[in-house]
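Only one structure is covered here, and it is reproduced in the block below.
The values are calculated or read from the model by the stated rules, or taken from the named source; none is laboratory data. Just so it is clear, the model here is predicted, and its values are computed rather than measured. Note that each Cβ is placed from the backbone with ideal geometry, even for glycine, and that neighbours are counted across all protein chains shown. Accessible surface areas use protein heavy atoms only, side chains included; no ligands, DNA or RNA. Shrake-Rupley method; radii C 1.70, N 1.55, O 1.52, S 1.80 Å.
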Amino acid sequence: PAEVAEYSAELERLSSDPAVLRDERTVTEKGSDEVRSIFEVHKISEVFARLVRDPRVVGRARQILGSEVYVHQSRVNYKPGFGGKDFYWHSDFETWHAEDGMPRMRAVSISIALTENFVHNGGLMIMPGSHKTFVACVGETPENHYRESLKNQEIGTPDPGSLAILAGKHGIELFTGAAGSATMFDCNCMHGSNGNITPFPRSNVFIVFNSVENACVEPFSASSPRPSFIGARDFTPVGP
């Protein structure tokens, strides 16, 4: 509880810091000034930098991936009560492969809840087992598409037919738990979350560890890589 309280306080501090709010790494909700996400948070905040280096966090990633790891992406997600928008179904690897140049599925994500996750406040939904199927998204990626996609993903999302097949085969699991709960999942898992119309906020810190043996190259289906605060180009292993 003491650790969670520290992270929650840092979450509040970041969302009210004028310098952070002006930073391009801060994404607001579509149609409002509410903070949606703050990217590269482990470089903005020493509190979250320590969390990334915590053996309980990075150690699990090393164990799962079987190698040293680096941070491909980090962010805090704010899903405030009454107004938090949804994150549509997607596989992270599809975007990381196409736009960031991640060669293979050697990345793992950890989502650590900073508020309680109920069944009704927009918690993480996953199709367990879907990581074994790659779903390509049809269509060309527009220039600088990341600016809009981080607010609301409309282009490059899986087609309804593929989603229906995966959901029918694997089902959908929704993760609940107290603040401090953690969920780790494969980079190719199909996942998403509903909007939050309850009074109860749902915030989390999200860290993506990629194997150093799987460092990104040139994008496989985009004219240029996304900014490094979304897809890192520094492949230095996370230290102890």
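For region 186-203, what are the residues that are closer than 23 Å to Gly239 by Cα and surrounded by 22 or more Cβ atoms within 10 Å (Cβ to Cβ)? Matches in region 186-203: Cys187 only.
Of all the criteria given as (1) more than 17 Å from Ser111 (Cα to Cα); (2) out of contact with any strand residue (DSSP E or B) (no Cβ under 7 Å at 6 or more places or on another chain), the one not satisfied by Gly59 is (1). Only residues that are under 19 Å from Ala98 (Cβ atoms) and touching a Lys or Arg at 6+ places or on another chain (Cβ under 7 Å) were counted across region 226-240, and they come to 1. The residues of region 28-67 that are closer than 17 Å to Thr236 by Cα and small (Gly, Ala, Ser), listed by number, are Ala49, Gly59, Ala61, Gly66, Ser67. So for region 167-183 (the condition being of a type outside the set (Gly, Ala, Ser), open to solvent by 20 Å² or more (accessible area, probe 1.4 Å) and in contact with an Asp or Glu (Cβ under 6 Å, 6 or more places away or on another chain)), does at least one residue qualify? There is no residue in region 167-183 that is of a type outside the set (Gly, Ala, Ser), open to solvent by 20 Å² or more (accessible area, probe 1.4 Å) and in contact with an Asp or Glu (Cβ under 6 Å, 6 or more places away or on another chain).
Selection of region 139-166 for residues being at pLDDT 95 or above and either open to solvent by 60 Å² or more (accessible area, probe 1.4 Å) or assigned to a loop (DSSP other than H, G, I, E, B) (or both) yields Ala164, Ile165.
Per-residue answers, yes or no, for (1) among the hydrophobic types (A, V, I, L, M, F, W, C); (2) out of contact with any Gly (no Cβ under 8 Å at 6 or more places or on another chain); (3) without any contact (Cβ under 8 Å) to a residue 24 or more places away in the chain:
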site	(1), (2), (3)
Ala49	yes, yes, yes
Tyr70	no, yes, no
Gly81	no, yes, no
His97	no, yes, no
Met102	yes, no, no
Ser111	no, yes, no
